[in-house]
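Shown next, in structure tokens, is the structure this report addresses.
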Amino acid sequence: MKKYLLLTLVLVLATALAGCGGEKLNKLGYYPKLNVYNWSDYIDPEVLKDFEDEYGIRVNYENFATNEEMLAKLKAGGTSYDVLFPSDYMVQALIELGMLQELDFDNLDNFKNIDPMFKNLLFDPENKYSVPYFWGTMGIVYDSARIPEDITSWRALWDDKYAGKIVMLDSPRDSIGITLKMLGYSANTRDIGELNEAMAELIKQKPIVRSYEIDAFKDMMASGDAIMSLCWSGDAMLLISEHPNLSYVIPEEGTNVWVDCMVVPTVSKHKREAELFINYMLRPDVNAKCAIAIGYSTANTEAIKLLPEETQNDEVAYPKGNVWDKGEIFIDLGEFTVEYDRVWTEIKSK
Ligand code: SPD
């Protein structure tokens, strides 16, 4: 009898391993897989491997380039993402669309590591759905060896002297947002006249723009093919650390301050595992490892303490005082978003 029991056990185990390519069973007795959808270049890939080893949960990792691309993919259906990394206004839009699950903060004890400055923000006032990850500003990265003058205004991106060497972000809210700031308007305007003025400026600028990019501008700046680009502060930080001829400036008309978050969409069938992953990403050592790899500013105060001293004291990455003094956060524009989409399509099609 004992012999039969043992044989059955061996057979069950062998079948399980064969069916799952040798993956480990987790404590609940199945082979969990987590579908994570994040910005490109926004994690240290080693932490994914470490998570898989530590929790026995396999991670299927995909990238998007903009919030809008992520939303379009979700809306198209047929996806089963478990963790997403949208920005502020996109968190708000996803909440409005009923596409996010409320988080169980009993499973997120590392949420205590988040700087209170980034909690309960307008896009998720009670922090029911989202947990801040990294944050930053928008500015201009430029080659100070080839641009001798001080850059103080967004207008620099419209300067004919640098024709063919200027790169803009291929992201509607960002490129339109800074143009609105340049014109003295809110980056969240719902005034059609102001929006059309911004569109006219961007169409006027187009002949001197080398290209509209999200990630490729980094290589272009590094190689000298471009000498000025609209960019997010984290990318600038990493570029400058490798190319000291580059500088980053936030123009005096003001900017956008943004916060990227982690959320669980309603399509997820693995909320418990998703929360394990989010809590793991909030661990100071894991979070600091990502911050060092990607160059962005973390919202995790305990992780900041683990960063090199010069990074902790870097005024671009971790300005003293209230970061909200630096600029405006994007809000979801609801139905008016179609107007921004219309303007962006018009600009790109010229
Ligand atoms: N390569 C990662 C880029 C993440 C930047 N997020 C910024 C969003 C601003 N709305």
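With Cα atoms as the point set, the chain shows a radius of gyration and Dmax of 22.5, 88 Å. Computed from Cα atoms, the angle from the helix 192-205 axis to the main principal axis of the chain rounds to 80 degrees. Once both labels are positioned 7 Å from their Cα atoms along Cα-to-Cβ, the gap between Asn196 and Ala76 label points is 3.3 nm. For Phe105 and Thr345, a Förster radius of 45 Å and the Cβ-Cβ distance give a FRET efficiency of 0.65, rounded to the nearest 0.05.
Provide the gained length on full extension for the span Ala222 to Glu54, in nm with one decimal, where the gain is 0.36 nm per separating residue minus the Cα-Cα distance. All intermediate terms of the calculation are to be shown ahead of the outcome.
On the way: separation 168, 0.36 × 168 = 60.48 nm, distance 3.68 nm.
Taking Ala222 through Glu54 to full extension adds about 56.8 nm, to one decimal.
Taken along the Cα-to-beta-carbon direction at a fixed 7 Å, the label points for Ser211 and Glu335 span 3.9 nm. Packing-based ranking of 72-85, 134-147 yields 134-147, 72-85, ordered from highest to lowest mean Cβ neighbour count within 10 Å.
Under 5 Å between amide hydrogens, built in the peptide plane, is the criterion, and for Tyr133 it picks out Asp260, Cys261, Met262 among residues at least 5 positions away or on other chains.
Each label point was placed 7 Å from the Cα along the Cα-to-Cβ direction; for Asp41 and Leu122 their separation is 2.9 nm.
Which angle from 0 to 90°, rounded to the nearest 10, does the C-alpha axis of helix 284-294 make with the longest principal axis of the chain? The two axes meet at around 50 degrees.
Return a whole-number percent for the relative contact order of the chain, with Cα pairs under 8 Å and 6 or more residues apart as the contact set. Intermediate results must be reported in sequence, preceding the final value.
Numbers: 568 pairs, mean separation 93.3, N = 350.
Across the chain, relative contact order equals 27 percent.
Any read-out appearing in this document is the output of simple, stated calculations on the displayed coordinates, not a laboratory observation. What you see is a predicted model, and the numbers here were worked out from it, not measured in a lab. Note that we place each Cβ from the backbone using ideal geometry, even for glycine, and neighbour counts take in every protein chain shown.
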